[in-house]
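Here the structure comes first, spelled out in structure tokens, and everything after it is commentary.
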Amino acid sequence: QPDDRGLIGDVPVLRVTRRGPEAVHFVPAALEPGAEVLLSLDWERRFDHMQQHSGQHLISAIAEQMFGFKTTSWELGRQRSVIELDTPLVTAEQVEALEKSVNEKIRDRVPVTVRELAADDPEVETVRSRGLPDDHVGPVRVVDIKGIDSNLCCGTHVSNLSDLQVIKLLGVEKGKKNKTNLVFLVGNRVLKSMEQSHSTEKALTSLLKNGPGEHVEAVKRLQSSVKLLQKNNLNLLRDIAVLIARDFKSKPAPKQLFVLHRKEGDSEFMNIIANEIGTEETLLFLTVGDEKEAGLFLLAGPVEAVENLGPRVAELLGGKGAGKRGRFQGKAAKMSRRGEVQALLQEFISHQNPGA
């Protein structure tokens, strides 16, 4: 269970850990030894942990009673919690039956009590437990859910199952080593989840212009439309790439450097142009994406030239890339520096052809 938060006087408690029998509090400022202070507890955080932890005890106990599923570990997460059950399979019908049963216990207002036993008390051996820490000293705490469960536990708990309000089992996920993870929410987390779901539902109703029952089909239609548009857009980009290359090649005196930027392009668009123009004699510097932010680049041309210039181009563009066989491509973070790259390439060509 996560630790508590709060204030010691006006000093916030950043973290609490256990060192043997002592609770160690981490604070950002020194406190005067012996001073009388008022302790303030973050009750919303504490009560949330109480609900989730007592809920876990109840779920684990009922899961073992109904189906023989033993709990091997659990995690109290920030948004949802997970119980690891020692079984490779939990069916949807079992989840439904388990949820129904635990909520019946909540409505029955079953008391939850905490008592302490000496570590060598024989009763300790009869209580459900995963064992004590090696550095434990002093008595042990037993949390009893009347008539349902007794469990060794050092966490904080509610005093009655009615304080849990409600438990929602969100389903199961595949665990490790033939185990199953059961995901759950308790109490106020259920209410918050409902509020979030309702807000999302309202937003989707407004965007999709239909009722909640039609949201899934509407999204499927949109996905199909987007896929078709993407396919058409890709075909058009391919055609444009071929036309650009043919236009360049049709000029009576092709240049040794070809530079092009297109916002809507992609890696395939650049490679098609390079393939169509050919890179044996021409050095190509192609970029796609936002003109002033991030994007993709391709440097293509004679192998030695690209091997020499590729890393320098990537450095100028604030990006990373890799190359082989006369092509060097990658991501660029500073597309606004394309002009500097073009100047570098023109300078390189002028040194290669001093009489040009």
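Laid out as a table, the results:
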read-out: Candidate values [x] 20, 29, 27, 21, 3; [y] 31, 57, 12, 0; [z] 23, 44, 28, 5, 0, label of the one derived for P(r) over Cα pairs in 20 Å bins from 0, in percent; value: [x]
read-out: Relative packing of peptides 34-45, 153-164 - highest average C-beta neighbours within 10 Å first; value: 153-164, 34-45
read-out: FRET efficiency for Val303 and Gln223, using Cβ-Cβ distance with R0 set to 35 Å, rounded to 0.05; value: 0.25
read-out: Pairs from Lys255/Lys324; Lys263/Lys324; Lys177/Lys320; Lys255/Lys331; Lys174/Lys227; Lys249/Lys324 whose Cα-Cα separation, in the structure shown, is over 29 Å; value: Lys177/Lys320; Lys174/Lys227
read-out: Inter-part distance where the range 283-311 and the range 1-57 are each reduced to a Cα centre, Å; value: 56 Å
read-out: Options Ile240, Phe297, Leu222, ranked by Cα towards positive dipole end of the chain, top entry (Cβ charges); value: Ile240
read-out: GNM result for the chain, Cα springs below 10 Å: residue of Gln165, Gln329, Gln56 fluctuating most strongly; value: Gln329
read-out: Accessible solvent surface per residue of the range 267-356, calculated while the other protein chains remain in place, 1.4 angstrom probe, Å²; value: 53 Å²
read-out: Under Karplus coefficients 6.51, -1.76 and 1.60, residue-wise ³J(HN,Hα) of the range 49-54 in Hz, glycine/proline x; value: 5, 4, 4, 5, 6, 5
read-out: 20 Å Cα-Cα reach of Lys292 towards aspartates and glutamates, excluding residues that sit fewer than 8 places from it in its own chain; value: Glu264, Asp266, Glu315, Glu340
read-out: Among beta bridges that DSSP assigns inside the chain, antiparallel share in %, nearest 5; value: 90 percent
read-out: At R0 = 51 Å, FRET efficiency that the Cβ-Cβ distance of Leu132 and Glu201 yields, to 0.05; value: 0.65
read-out: Debye log10 I(q)/I(0) for the range 229-352, one point scatterer per Cα, at q = 0.16 Å⁻¹; value: -0.72
read-out: Cα-based Rg / Dmax (Å) for the range 3-83; value: 17.2, 55
read-out: Helix-only [θ]222 nm of the chain, DSSP H runs n ≥ 4, -39500 (n - 2.57) each, per residue, nearest 500; value: -13500 deg cm²/dmol
read-out: For the chain, size of Cβ-based charge dipole, Lys and Arg +1, Asp and Glu -1, in debye; value: 1620 debye
read-out: Listed residues Ile277, Leu117, Pro311: farthest to the positive end of the dipole of the chain (Cβ charges); value: Ile277
read-out: Glu340 versus Ile240: modelled label distance in nm, points set 7 Å from Cα along the beta carbon direction; value: 2.8 nm
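The values are calculated or read from the model by the stated rules, or taken from the named source; none is laboratory data. Just so we're clear, the structure is a prediction, and the values are computed from it rather than from any experiment. For neighbour counting, all protein chains shown are included, and Cβ atoms are generated from backbone atoms with ideal geometry for every residue, glycine included. Accessible surface areas use protein heavy atoms only, side chains included; no ligands, DNA or RNA. Shrake-Rupley method; radii C 1.70, N 1.55, O 1.52, S 1.80 Å.
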